[in-house]
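J.: One structure coming up, written as structure tokens, with questions to follow.
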Amino acid sequence: MFPPPPTCTTFLLVTIFLLAMILPSSNAQLNSTFYATTCPNVSSIVSNIVQQAFLSDPRIGASLIRLHFHDCFVNGCDASLLLDNSSSILSEKLAAPNVNSTRGFDVVDNIKTAVESSCPGVVSCADILALAAESSVSQSGGPSWSALLGRRDSLTANQAGANSSLPSPFEGLTNITAKFTAVGLNTNDVVALSGAHTFGRAQCRLFSNRLYNFSGTGSPDPTINSTYLTTLQQICPQNGNGSVLANLDPTTQMPSIIITSPTCKTIKVFSNQTKSYFPQLALPQSLLSTASVATKLPSSRVLCSR
Ligand code: HEM
């Protein structure tokens with residue numbers, strides 16, 4: 001289990017997930033009691049499986065919330081990410097931002113199996129991802145909230161969309177912000193949602209350019225604190241094994257190593273302005289969570305991967 005996160009981590013996790021609480025609040029189609037009569041125990045079923053998964057994999061919470069994000073950014077939160085390759089489907093799992101990177105699919109399958117055995121054909125895989133994200137955060141020492149539910153599952157995937165829409169660690173804040181803007185989110189949302197990088201891990205290959213030859217300068221990224229730089233260089237030697245993992249936020253005093261913006265400082269400023277901050281975020285985030293999902297049928301798959 002992750003210990004309760006202190007200082008800046010608390011700011012970030014609280015901020016993100018307060019946002020998640022208000023995510024689709026303006027959309028009447030989603031609500032926290034969507035399965036109250038059809039699958040009243042769905043939250044505890046999800047939570048129990050996530051809890052079991054934590055026992056053997058302390059990273060699983062981070063991996064599960066990332067699945068929700070990578071699902072939502074491509075055609076909305078419709079579980080398209082979970083579909084495997086088939087004769088008619090080019091899986092999003094194999095898109096560059098996901099392959100050899102996203103993980104936790106087996107846990108999602110276990111959750112789906114457990115939910116199906118209690119409530120067959122009722123709960124969508126997209127809602128399972130939303131519930132698993134919430135459970136992951138609360139069990140990792142972050143806040144909890146009532147996930148808003150009622151999403152439907154897509155029957156198709158969009159691998160090309162996953163390649164083009166998901167942000168890359170090699171692009172600057174302008175491009176990243178543009179990708180958020182494309183799904184109705186703004187700069188504030190980039191900052192707030194990047195707070196998810198207060199847990200989880202990243203492979204050296206995805207950030208070691210910042211440790212040795214940042215933007216072709218032949219030197220490390222000057223914004224990385226020198227002690228932290230030394231630590232990261234030890235974990236990720238130049239030309240070493242790119243799949244070695246580093247904690248995204250090892251000390252909680254550092255902003256995420258993944259994007260260069262000073263997320264920690266900025267989030268503190270934002271969180272002191274909650275009156276304007278939260279209402280500003282509610283609308284765009286509601287767009288993200290519902291985009292292009294509502295028209296897809298059927299509402300849930302028997303297996304999440306097919
Ligand atoms: C803002 C643009 C973002 C970029 C460029 C980015 C990029 C990345 C990269 C490169 C990794 C490491 C993957 C690996 O090593 O295989 C990562 C991990 C992670 N990302 Fe992001 N990300 C972004 C936004 C987000 C958002 C919005 C969330 C969730 C709300 C999120 C949640 C996570 C988590 C939890 C991990 C760790 C996953 C694990 O340990 O399995 N990221 N991200």
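The values are calculated or read from the model by the stated rules, or taken from the named source; none is laboratory data. Note that the coordinates shown come from a computational prediction; the quantities given were computed from them, not determined experimentally. Using ideal geometry, Cβ is built from the backbone for each residue, glycine included, and neighbour counts are taken over all protein chains shown. Quick note on the areas: whole protein, heavy atoms, side chains included, nothing else; ligands and nucleic acids left out. Shrake-Rupley method; radii C 1.70, N 1.55, O 1.52, S 1.80 Å.
J.: Conditions first: (1) of a type outside the set (Val, Ile, Thr); (2) farther than 19 Å from ALA96 by Cβ; (3) without any contact (Cβ under 8 Å) to a residue 24 or more places away in the chain. PHE180 passes all but one, so which condition is the exception?
T.: Against the list (1) of a type outside the set (Val, Ile, Thr); (2) farther than 19 Å from ALA96 by Cβ; (3) without any contact (Cβ under 8 Å) to a residue 24 or more places away in the chain, PHE180 comes up short only on (2).
J.: Would you mind finding the one in GLU134, GLU116, GLU92 that is over 23 Å from LEU166 (Cβ atoms) and among the charged types (D, E, K, R)?
T.: The conditions single out GLU116.
J.: Additional query: Residues in the range 176-199 that are at pLDDT below 85 and either part of a loop (DSSP other than H, G, I, E, B) or over 18 Å from the mean Cα position of the chain (by Cα) (or both): how many?
T.: The qualifying residues number 2.
J.: Take the residues in the range 90-99 that are of a type outside the set (Lys, Arg) and under 24 Å from ILE49 (Cβ atoms); name whichever of them is nearest to the ligand (Cβ to nearest atom).
T.: Ranking the candidates gives ASN98 first.
J.: Restricting to the range 233-248, and then to whatever is under 12 Å from LEU206 (Cβ atoms) and open to solvent by less than 50 Å² (accessible area, probe 1.4 Å), can you tell me which residue is nearest to the chain's Cα centre (by Cα)?
T.: The qualifying residue nearest to the chain's Cα centre (by Cα) is LEU248.
J.: I'm checking my understanding of the structure. Among residues of the range 89-126 that are under 17 Å from the mean Cα position of the chain (by Cα) and among the β-branched types (Val, Ile, Thr), which one is surrounded by the most Cβ atoms within 10 Å (Cβ to Cβ)?
T.: Here the residue is VAL108.
J.: Please enumerate the residues belonging to the range 87-134 that are farther than 17 Å from ASP153 by Cα, polar (S, T, N, Q) and out of contact with any Ser or Thr (no Cβ under 8 Å at 6 or more places or on another chain).
T.: Within the range 87-134, SER87, ASN98, SER101, ASN110, SER117, SER118 meet the criteria.
J.: Take the residues in the range 53-67 that are open to solvent by 30 Å² or more (accessible area, probe 1.4 Å) and closer than 14 Å to SER138 by Cα; name whichever of them is farthest from the ligand (Cβ to nearest atom).
T.: Out of the qualifying residues, it is PRO58.
J.: Quick one: is SER168 open to solvent by 20 Å² or more (accessible area, probe 1.4 Å), touching a residue at least 12 places away in the same chain (Cβ under 8 Å), over 18 Å from the mean Cα position of the chain (by Cα) and within 16 Å of the ligand (Cβ to nearest atom)?
T.: no
J.: Let me confirm something: among ALA162, ALA126, ALA132, ALA157, which residue is touching a residue at least 24 places away in the same chain (Cβ under 8 Å) and in contact with a Cys (Cβ under 7 Å, 6 or more places away or on another chain)?
T.: ALA126
J.: Go through the residues of the range 276-289 one by one and say whether even a single one is at pLDDT 70 or above and either in contact with a helix residue (DSSP H, G or I) (Cβ under 8 Å, 6 or more places away or on another chain) or at positive phi (or both).
T.: no
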